[in-house]
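Quick notes on the structure that follows.
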Amino acid sequence: MKPKKWLLLGILFPALGLAGVTAVDLRGKWKFEIGDRAVYSQTDYDDTHWETIRVPGRWEDQGFPGYDGFAWYRKTFKLSGDLKDKNLFLHLGRIDDCDRVFINGHLVNGSGGMPPHYVTAWSHHRSYFLPPDVLNFGGKNLIAVQVYDSGLEGGILGSEVSIQAHTTALRLAVNLAGAWKFSLGDDLKWREVTWDDRGWEELIVPMRWDYQGYADYDGFAWYRKKTIIGRDLEDERLILSLGRIDDVDEAYFNGERIGSTGDFDLEQGHATHSDWYRQERLYTIPRDLVRWNGENVIAVRVRDVWRDGGIYEGAVGITTRKAVLEYEKKKDRSLSFSEFLRRFFEGDWD
């Protein structure tokens, strides 16, 4: 690349501010232990006897040569109360091979398949939304990361290890990330407000169901969530955001269908060539369906036809038309800049 191109990039990157603002830098010393015990994720576990290693970095270079298998990382951090209304994401970069991340004892996300259903995710960039209801704003928090390495290098290897406040993320009026009721199977009665889902399991949303006990499951499943919507939003045009879903979905609000993406009847061979799983789900909520200052029930019917399934990524909650229009403008600018970078590095411009 010619020197003037590097100079131009140095001017453009700070001005555009496309990356999130770093709220907590997590690089440096972490507690570390090989092996695998469920108690390692808990806040009251005593890790004073654990080793200390650097993150990012390969554990083979830090006193664990040739080790393949499970290992855990733990680190405490403080979170400012000023971040309570921000969209916070945990960036861990690349992890070799698979991971599960716990914040204050709560599973929040992961990548790859853990044994006995092992699937590597060594090349994936980890960027996980942090549900605000699991965070302690204005106080201490604990992050625990379970890692499985099948061979060669292992550990948290990405150079970007931080919690960031994303200014380009969709702004939510009601954040619904976290625990949802979940059941395998398919019954349209499950959309009804009065359906008793107390016997259903709870799964983390957004996060693939394959990472939460349903590895390799292809088929139908339902999610349900109850939420209060205050009258302070009565003058807004409300939209349900479900992030990205793998593969097909149908959304119900207080028993009424408000939107869908994909074709439930399509055969697997055709569905595997679709891009439905990449599409963001945004469904307008008719005003007359909302129970102001009362309980509202959201039900989501999902069919996965191949590989990973479920509500797996993106903003999950109630947003407004104004927020969606702002978000779309930010996305358009980001896409334009991506095209600029492609042409810039491929030499289309001198």
Convex hull volume per residue for the range 174-331, taking Cα atoms only, in Å³ = 107 Å³
Work through the residues other than I311 whose Cβ is under 14 Å from its Cβ and net out their charges, Lys, Arg +1 and Asp, Glu -1.
-> -1
Which value, in debye to the nearest 20, gives the size of the charge dipole of the range 174-331 about its Cα centre, when Lys and Arg are +1 and Asp and Glu are -1 at the Cβ?
-> 660 debye
Which of the peptides 198-211, 123-136, 91-104 is most tightly packed, and how do the rest follow, going by the mean number of other Cβ atoms within 10 Å of each residue?
-> 91-104, 198-211, 123-136
With charges set only on the Cβ (+1 for Lys and Arg, -1 for Asp and Glu), what does the dipole of the chain come to about its Cα centre, in debye to the nearest 20?
-> 1420 debye
Return the whole-Å distance between the Cα centroid of the range 97-133 and the Cα centroid of the range 139-192.
-> 7 Å
In a Gaussian network model over the chain where Cα atoms closer than 10 Å are linked, find which of G310, G66, G57 has the largest mean-square fluctuation.
-> G66
Sort the range 21-165 into rounded, prolate or oblate with this rule: let a ≥ b ≥ c be the square roots of the eigenvalues of the Cα gyration tensor; rounded if a/c is under 1.5, and if a/c is not under 1.5, prolate when a/b is larger than b/c, oblate otherwise.
-> prolate
How much space per residue, in cubic angstrom, does the convex hull of the C-alpha atoms of the range 225-306 take up?
-> 81 Å³
Arrange the following residues from fewest to most other Cβ atoms within 10 Å of their Cβ: Y217, Y73, Y283.
-> Y217, Y283, Y73
The local net charge around H106, scoring Lys/Arg +1 and Asp/Glu -1 for residues other than H106 whose Cβ lies under 13 Å from its Cβ, equals -1
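By the scheme Lys and Arg +1, Asp and Glu -1, what is the net charge of all other residues having a beta-carbon under 12 Å from that of F70?
The answer is -4.
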Exposure proxy check on K86, K330, K189: fewest-to-most Cβ neighbours within 10 Å is K189, K330, K86
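Find the relative contact order for the chain and round it to a whole percent, using C-alpha pairs within less than 8 Å whose residues are 6+ positions apart.
Working: 768 pairs, mean separation 61.3, N = 350.
The normalised contact order for the chain reaches 18 percent.
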Label-point gap, in nm, between Y118 and N293 - each point 7 angstrom along Cα→Cβ | 5.8 nm
Solution diffusion estimate, µm²/s, Stokes-Einstein, the chain, Kirkwood Rh from C-alpha pairs, 25 °C, viscosity 0.890 mPa s | 112 µm²/s
May I ask you to derive the FRET efficiency for E326 and L184 from their Cβ-Cβ distance with R0 = 25 Å, giving the value to the nearest 0.05?
-> 0.10
Among F182, F89, F77, which one moves the most in a GNM of the chain with springs linking Cα atoms closer than 10 Å?
-> F77
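Bear in mind these aren't lab numbers, they're just calculated from the coordinates by the rules spelled out. Because the structure is predicted, anything quoted here is derived from the model rather than measured. Cβ coordinates were reconstructed from backbone atoms using ideal geometry, including for glycine residues, and neighbour counts include every protein chain displayed.
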